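Read the structure below first, then the notes.
Read-outs: derived from the displayed coordinates by stated rules, not from any lab. Predicted model only: the values in this text are computed from it and were never measured. Glycine also receives a Cβ, built like all others from the backbone with ideal geometry; neighbour counts cover every protein chain displayed.
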Amino acid sequence: MKTFFKALGNLFKKPVTIKYPFEKTYIPDDYRGVIEFDENLCIWCRRCEMACPPGAIVFSQDMEGKQTYHYNKAVCIFCKECVRNCPKEGAIFQTGIPARFALKEDNINNGWNILYDEALKSRDAYAAEKKRLAAKKAAAAKTVVEK
Amino acid sequence: MATQYEIPVGAQHISLLEPLHFKFITENEKIVDTTANVFYVHRGIEKACCSKFKFRQVSFVVGRVCGLCSISHTTAYSQVAEKLIKIEIPLRAKHLRMLVIELDRIHSHLLCLSHVAENSGFEALFMKTMQYREAFMELLEAICGNRIQYDFSIVGGVARDLKPEVGQMIMERLKKFKPQLDELVDIYQNNWSLSLKNKGAGAITKKDAMRLNVVGPFARAAGLAIDVRNETEDLLPWKEVGFEIVTGTAGDVYARNMVRLGEINVSMRIIENIIKGLPESALITETKAFPDGEAVVRIEAPRGELFYYAKGNKTQILERLKIKAPTFSNISAMVEGFKGNEYGSVPAIIASYDPCLSCTAR
């Protein structure tokens, strides 16, 4: 009976729920949000890529050896493992901004997998090219010495 | 002999939180026999942990085994990995791990209690309990930066520090929660309509609980005083922070509710003690060692004893990882507990077991 009257009393209380799109929900200031990258500070050691549990970071490389950073917000689990493993402070950091959900148009799964494979291939291609050039240089040096 | 009817419940049913299949054989509303099938959500996590992920990344993978006891899984894995690479973690990290485990226990127990109320047909109490639970979700968000997947324990320590203002926020919330908990205890203890569904339903004796190897609040409600926090001291100093075991006697749904409410009380005391006496030290022990040898770890998750076994072979990738979730130990007793009950009280009994099947099937 006591519970019944208490339940009736709740009719006249303010609602405890939040009208979400119109009111803001609680987000702490050190919320685990999107990872940001600073190209100018990076030393291109790729440790963040190696540490990332879901594989949301990948570096591709062009034939001149310049690396490009790729990041997928939808794959990221915001664990901050990349930031902890980064030897250069500030090159990669976590913001408090919650990630936007991915839409079908973003082609997150398929597109990202293709990009990931291509990035790995581009690195292999660069490494092979470098090896070939080094071998060529060594051969040239050898011929010079022989002459 | 009366006619026997077979009633299937699940794998999708309105009173179930997770995919779980029960087949009840009833005689005039009385259940005489039950069979259970729980392995609907196998995801191959153990195999993934031993093939795709490096051992430092596995602590994030096992955090996804279960949403409710995420921190128990990550902590258990971190501890087993620390045993393999033979390091001791800082004292502050140990205390912070205990803090998050206890907050997680409170929110998990409140969720279970609310579902017992809902499945017993008391929706207003369900909403009230969920409302109080929300405060703890926000606290966990403030500490870990996320509501559910905490990723708080990592191999070697913890990922984030506790800010002083967050500590203060926890103390304020706990102070506010104390009268609310008293109110909940009063309702769960004395409400007449709830007692009709809860008292005497799903009872299991102490002898059966011991025979069927029951763990967690399920066992403690039957009078079996087993709690990993009471038994181990080497990895996390539970007794130092004021742990006490809570047991019941009857072993029915009502006793389980009372044990859970009592444990929330103990958890609140532990949290207060931890925040008052938080030692100052580093958060992570750094090492470059690789896992080698074998190790086992037991930890008390909200649902009971969680067991981890790992084997390393001096490489980045583990050779074997075995997870034994608390619900797995309880399945045989879950089936036993239905016998002799009315079919109508089944939803409340299932909710009071607090089954976590994504843990069990992994």
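Computed extension gain for A:Ala99 through A:Phe4, at 0.36 nm per residue and net of the alpha carbon distance, reaches 29.9 nm. About its Cα centre, chain A has a charge dipole of approximately 420 debye under the convention of +1 per Lys or Arg Cβ and -1 per Asp or Glu Cβ, with nothing else charged. Using a simple spin-label model with pseudo-atoms 7 Å out from Cα toward Cβ, B:Ile284 and B:Trp192 lie 6.0 nm apart.
Taking Cβ atoms as reference points and 11 Å as the exclusive limit, the residues near B:Arg362 contribute a net charge of +4, counting Lys and Arg as +1 and Asp and Glu as -1. Taking a virtual spin label 7 Å from the Cα of B:Ile14 along the C-beta vector, which residues in segment B:106-144 bring their backbone nitrogen under 12 Å of it? What the label zone holds, given the 12 Å backbone N cut-off, is B:119, B:121. Averaged over peptide B:149-156, the number of partner chain Cβ atoms lying within 10 Å of each residue's Cβ comes to 2. Here the peptides B:59-70, A:59-70 are ranked by packing, the mean other Cβ count within 10 Å, and the order with the highest first is B:59-70, A:59-70. Legend: distances between Cα atoms for A:Lys66/A:Lys137; A:Lys73/B:Lys163; B:Lys197/B:Lys322; pairs beyond 30 Å are B:Lys197/B:Lys322. Between A:Lys121 and B:Arg173, the simple spin-label model (points 7 angstrom out along Cα→Cβ) gives 4.9 nm. Helical content alone sets the calculated 222 nm signal of the protein assembly as shown at -14500 deg cm²/dmol, taking -39,500 (n - 2.57) per DSSP H segment of four or more residues and averaging over every residue. Candidates B:His115, B:Phe55, A:Ala138 compared by Cα position along the dipole of the protein assembly as shown: farthest toward the positive end lies A:Ala138, with charges placed on Cβ. Modelled spin-label separation between B:Glu6 and B:Arg320, with each label point placed 7 Å from Cα along the Cα-to-Cβ direction: 3.7 nm.
Relative to the Cα centre, the charge distribution of the protein assembly as shown, modelled as +1 at Lys and Arg Cβ and -1 at Asp and Glu Cβ, gives a dipole magnitude of about 1020 debye.
When cysteine pairs in chain A are screened for C-beta atoms closer than 4.7 angstrom, the residues that find no partner are A:Cys42, A:Cys45, A:Cys52, A:Cys76, A:Cys79, A:Cys86.
I need the calculated FRET efficiency for the pair B:Glu134 and B:Lys54, taking r as the beta carbon distance and R₀ as 41 Å, to the nearest 0.05. After rounding to 0.05, the efficiency reads 0.70. Summary of the geometry: segment B:272-304 and segment A:55-72, compared by the centres of their Cα atoms, lie 35 Å apart.
Within the straight-line cut-off of under 15 Å between alpha carbons, the aspartates and glutamates reachable from B:Lys23 are B:Glu6, B:Asp33, B:Glu336, B:Glu342, sequence neighbours fewer than 8 places apart in one chain being disregarded. Once the Cβ-Cβ distance of B:Asn313 and A:Arg47 is raised to the sixth power relative to R0 = 22 Å, the FRET efficiency obtained is 0.40. Note on chain B: dipole from Cβ charges, positive end direction compared against B:Leu139, B:Trp192, B:Ala159; the farthest Cα belongs to B:Ala159.
Calculate how steeply helix B:123-144 sits against the longest principal axis of the alpha-carbon atoms of chain B, using the helix alpha-carbon long axis, and give the answer as 0 to 90 degrees to the nearest 10. That works out to roughly 10 degrees. Take the Cβ atoms of A:Met63 and A:Lys88, set R0 to 25 Å, and the FRET efficiency comes out at 0.45. Here segment A:76-147 and segment B:1-24 have alpha carbon centers that stand 52 Å from each other. Measuring against 26 Å, Cα to Cα, the residue pairs B:Lys47/B:Lys207; B:Lys128/B:Lys324; B:Lys94/B:Lys311 contain B:Lys47/B:Lys207; B:Lys128/B:Lys324 as the ones spanning a longer distance.
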